[in-house]
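Right, one structure below, let's go through it.
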Amino acid sequence: MDLDALAGCLSSSACLVTQTTSGLIIGMLLFLVAVGLTLIFGVLKVVNFSHGAFYMFGAYFAMTAYQLTGSFALAMLAGAAGTAILGLIFERVFMSRVYGADVLMQLLVCYAFVLIFDDVVRIIWGPEFKAMGMPAAFQVMPLFIAGGVVPPYYLLLIGVALVAAIVLGIGLSRSRIGKVIRAAAHNPGMVSALGINTGLIYGGVFALGGMLAGLAGALAAPVRSLTPGMGFSVLIESFIVTVIGGMGSILGALIGALLLGLIRSFGSLGFPLFTEGLMYLFMVIVLVSKPTGLFGKEAA
Amino acid sequence: MTRTRTPGISRRSTLALMGAGAMSFAAPWVARAQAKTIKIGMPTILSGRVAQLGTSSRNAVMLEVEKINAAGGLAGRQIEMVIRDSKGQPQEAARVARELVNTDGCELMIDAEASSGAFAVHEVARDLGVFCIHTNSETSSLTADPKQHIPNAFRTARQGVHDSIVGGSYAAAIAKAKGLKKWATCSPDYAYGRDTTAEFTLYLKRFAPEVEIISESWPKLFQPDYTEVVTKILQAKPQALYSCLWGGDLTSYIDQANIYAMFGQMEVFAVNMADYTALTVVKNLPKGIHSGNRYIKTFPTTPENAAWGDAYKAKYNEYPTNWSWENATAIMLMAEAAKKANSADGKKIAEALKGLTIKCPFGADGTVTMRGDDHTLVGYAIGWGTTIPQEPYVPEVKAGDWKTIFELEAEWKKSKGYT
């Protein structure tokens, strides 16, 4: 424990700015992955253990597109669109067959695809790690805000994730499609009886979830190394986020992810040997005091 | 001969399907074949995150074995490599090693495992008495600790303590010249990271006693994001940073530290940077990172080394790794020892190998020696230099001094109670 370092940081604006933005970056990327997970669970009632693979594919798609075109915007687009299509196919062909099955069956299908997707990446891109590289536009000196260091690329990253959060939040609560999705989550039989194609909605939601994870992977690609199996590490943290925030809650995923990011960034100062443990401890505290998570609804 | 053999093979293949009964028939045929070829077993990591290193070990071994077979083989016997994947799991490595000897009839062994697996295979070698060269484990105690010592096992990998002595003295010289007193460390949180960092700082402080470690970070192995580690180090404002992160973890770390402009704010010493696996992957490699040599074809700066690196690249379309040269050296030493003993017998090779010095592209002075008393490789090229973003990546490497290494190594062994 190094509480002096933590206290020292909290009393210095430079440190506070740097660590807070660092927490936001970690949190926002995590949010993009976790929100897809929570959305799929909320509507489809399946726990998508293969969700990390979409993050991985997003990163690889973005890297390939970037290498081919040299355009960062196209790379992001390829990461998001590619995983959306992949999500749609995966849901329609495989996941839709196990909706009624028990959790173990769903888990097995997802786990099988974790292994299959990893091997697919290995076959296409090779087993060795890769790096996409930072686009030239972002290879600039970091900004100094109140003495704290903030890289411009991370500002973009936070911005994109924030826009995704807002669009998602408003879209689900205000738009017609959002209302249909929520209705389908609540009572799919009734929605279907009203002449709405629930299969399409399920596929769409899965594609949306995959796309968000893919976008996270694409955004992370310039700063994280790409390897087969890279999805697994973010998957576990995404689960912690959804458990803390409440399975199925988008606001919960946002708050959970940001809290986790801040725990990591400040925890590494105050509790350098217990940063990981701190995350799990926080999860335990939330679970004990509110088993459905911070924003989870009581089971119907 | 032909008349008796032809039905023998077909009978064997038929009976093999029927199970165990076939074994007794097959055995004499296998024994006859062995008179010509000699099988060398090799457990290594061919799948998972470290697969690239295992593959590069296999490539290097095959490159050398082809040369030896073309020149007549190991004491007249053609070498047949039997290479199996251990998936990087120690228990699997031990099982594979045992199977290679007992079932496949391998008479010699190349143990191309990382440290955790190497200690497991070492126990198999102790148990079966098979001749074994550990090619990749850098953990010093594998050969330094007399409790580990067995007459049939050797090591051709670089040794952790050698690297620490050279790295410590190199870093201390720069620390003194540039007045770097405040240091931070950032290394992966497992045995290798902890031990290597401790040994490096031990020698750094020994050569430059005014150095102080003001911040330590221990990210998890294979952690995807290092932002909080990067910013923590920036807060501590050290003058220099040491890291033994490696592979994809190191490249992630560099990309993430780069956008915080960390490399302009402190001297960075990353022992595992100068390996082609990392050098060729990082897109925006900062100039001036200090690194130990892993494998680089420009150090030692000899035509032999450059030719070896190019031959490997020509054959496999990528550059060799640190594990490549270590494995190639094992085959080179084995061949010379067999020549000296005029036998492919493991016991005789082991006897001939003790204290053997051979010409080698990876030697500091063009030769390497298998030290007789602790069965570990010495005299290999070892040094530190600074990076540039394009080939040759590390234009100048300052070679370590083997005399100093030997002195301090002896002292270190004494302090550990090994001698």
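The values are calculated or read from the model by the stated rules, or taken from the named source; none is laboratory data. All of these numbers come straight from a predicted model, not from anything done at the bench. Cβ coordinates were reconstructed from backbone atoms using ideal geometry, including for glycine residues, and neighbour counts include every protein chain displayed.
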Pairs please, first residue from segment B:355-368 and on the phi < 0 side of the Ramachandran plot and in contact (Cβ under 8 Å) with a residue 12 or more places away in the chain, second anywhere and in a strand (DSSP E or B) and charged (D, E, K, R), Cβ atoms under 6 Å, 6+ apart in sequence or on different chains.
B:Thr367/B:Lys359
Residue satisfying all of: in segment B:263-298; in contact with a Gly (Cβ under 6 Å, 6 or more places away or on another chain) and not polar (S, T, N, Q); farthest from A:Leu226 (Cα to Cα) among these:
B:Lys297
I need the full set of residues from segment B:208-226 which are outside any loop (DSSP other than H, G, I, E, B) and either under 27 Å from the mean Cα position of the chain (by Cα) or surrounded by fewer than 18 Cβ atoms within 10 Å (Cβ to Cβ) (or both), in order please.
B:Glu212, B:Ile213, B:Ile214, B:Glu216, B:Ser217
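Conditions (1) closer than 28 Å to B:Gly72 by Cα; (2) more than 19 Å from the chain's Cα centre (by Cα); (3) surrounded by fewer than 22 Cβ atoms within 10 Å (Cβ to Cβ); (4) more than 14 Å from every other protein chain (Cβ to nearest Cβ), marked per residue:
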position: B:Val271; (1), (2), (3), (4): no, no, no, yes
position: B:Ala274; (1), (2), (3), (4): no, no, no, yes
position: B:Met332; (1), (2), (3), (4): yes, no, yes, yes
position: B:Ala341; (1), (2), (3), (4): yes, yes, yes, yes
position: B:Thr369; (1), (2), (3), (4): yes, no, yes, yes
State all residues of segment B:145-198 that are under 17 Å from the mean Cα position of the chain (by Cα), in a helix (DSSP H, G or I) and more than 18 Å from B:Thr386 (Cα to Cα); if no residue qualifies, say none.
B:Gly160, B:Val161, B:His162, B:Ala191, B:Tyr192, B:Gly193, B:Asp195, B:Thr196
With B:Lys416, B:Lys403 as the choices, which residue is among the charged types (D, E, K, R) and either in contact with a Ser or Thr (Cβ under 9 Å, 6 or more places away or on another chain) or buried (at least 17 other Cβ atoms within 10 Å of the Cβ) (or both)?
B:Lys416
Just one of the numbered conditions (1) assigned to a helix (DSSP H, G or I); (2) touching a residue at least 60 places away in the same chain (Cβ under 8 Å); (3) out of contact with any Gly (no Cβ under 6 Å at 6 or more places or on another chain); (4) buried (at least 23 other Cβ atoms within 10 Å of the Cβ) is not true of A:Met56; which one?
(3)
Tell me, please, whether a residue that is within 20 Å of A:Val160 (Cβ to Cβ) and free of Cβ contacts under 8 Å to residues at least 24 places away in the same chain can be found in segment A:11-29.
no
Only one of these is part of a helix (DSSP H, G or I), within 30 Å of B:Lys348 (Cα to Cα) and among the small types (Gly, Ala, Ser): B:Ala335, B:Ala311, B:Ala306, B:Ala278. Name it.
B:Ala335
Note: among A:Ala101, A:Ala164, just one is part of a helix (DSSP H, G or I) and of a type in the set (Gly, Ala, Ser), namely A:Ala164
Kindly indicate whether A:Ala131 is closer than 22 Å to A:Tyr60 by Cα, touching a strand residue (DSSP E or B) at 6+ places or on another chain (Cβ under 8 Å) and surrounded by 20 or more Cβ atoms within 10 Å (Cβ to Cβ).
yes
Where residues in segment A:267-293 are in contact (Cβ under 8 Å) with a residue 40 or more places away in the chain and crowded, with 24+ Cβ neighbours inside 10 Å, which of them is nearest to the other protein chains (Cβ to nearest Cβ)?
A:Leu269
Of all helices (runs of 4 or more DSSP H) fully inside segment A:173-252, the set with 1 or more residues that are within 14 Å of another protein chain (Cβ to nearest Cβ), within 17 Å of the chain's Cα centre (by Cα) and buried (at least 24 other Cβ atoms within 10 Å of the Cβ) is A:198-220, A:231-245
Considering A:Leu74, A:Leu37, A:Leu86, which residue is away from chain B (no Cβ under 14 Å), in contact with a His (Cβ under 6 Å, 6 or more places away or on another chain) and in a helix (DSSP H, G or I)?
A:Leu37
For B:Asp249: the one exception among (1) surrounded by fewer than 24 Cβ atoms within 10 Å (Cβ to Cβ); (2) under 21 Å from the mean Cα position of the chain (by Cα); (3) acidic (Asp, Glu)
(1)
Taking the conditions exactly as written (among the small types (Gly, Ala, Ser) and more than 18 Å from B:Lys220 (Cβ to Cβ)), does B:Gly292 satisfy them or not?
yes
Can B:Lys220 be described as within 13 Å of another protein chain (Cβ to nearest Cβ), modelled with pLDDT under 95, in contact with a Ser or Thr (Cβ under 6 Å, 6 or more places away or on another chain) and within 30 Å of A:Ser12 (Cα to Cα)?
no
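This table checks each residue for (1) crowded, with 17+ Cβ neighbours inside 10 Å; (2) at pLDDT 95 or above; (3) not in a helix (DSSP H, G or I).
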residue	(1), (2), (3)
B:Arg58	yes, yes, no
B:Leu63	yes, yes, no
B:Lys67	no, yes, no
B:Gly88	yes, no, yes
B:Leu100	yes, yes, no
Does segment B:150-196 hold any residues that are at pLDDT below 95 and out of contact with any helix residue (DSSP H, G or I) (no Cβ under 8 Å at 6 or more places or on another chain), and which are they?
B:Asp189, B:Tyr190, B:Gly193, B:Arg194
Inspect segment B:178-195 for any residue being free of Cβ contacts under 8 Å to residues at least 12 places away in the same chain and surrounded by fewer than 24 Cβ atoms within 10 Å (Cβ to Cβ) and give the result as yes or no.
no
Scan segment A:113-154 for residues that are aliphatic (A, V, I, L, M), more than 11 Å from chain B (Cβ to nearest Cβ) and either under 21 Å from the mean Cα position of the chain (by Cα) or in a helix (DSSP H, G or I) (or both) and jot them down.
A:Val114, A:Leu115, A:Ile116, A:Val120, A:Val121, A:Ile123, A:Ile124, A:Ala137
Search result, residues across segment B:252-269 that are within 13 Å of chain A (Cβ to nearest Cβ) and either of a type in the set (Phe, Trp, Tyr) or touching a residue at least 40 places away in the same chain (Cβ under 8 Å) (or both)
B:Tyr253, B:Tyr260, B:Phe263
Could you list, in sequence order, the residues of segment B:281-298 that are touching a strand residue (DSSP E or B) at 6+ places or on another chain (Cβ under 6 Å) and either part of a loop (DSSP other than H, G, I, E, B) or under 14 Å from B:Ile388 (Cβ atoms) (or both)?
B:Gly288, B:Ile289, B:His290, B:Ser291, B:Ile296
Residues of segment B:103-144 that turn out to be modelled with pLDDT of 95 or more, out of contact with any strand residue (DSSP E or B) (no Cβ under 9 Å at 6 or more places or on another chain) and in a loop (DSSP other than H, G, I, E, B), as a count:
2
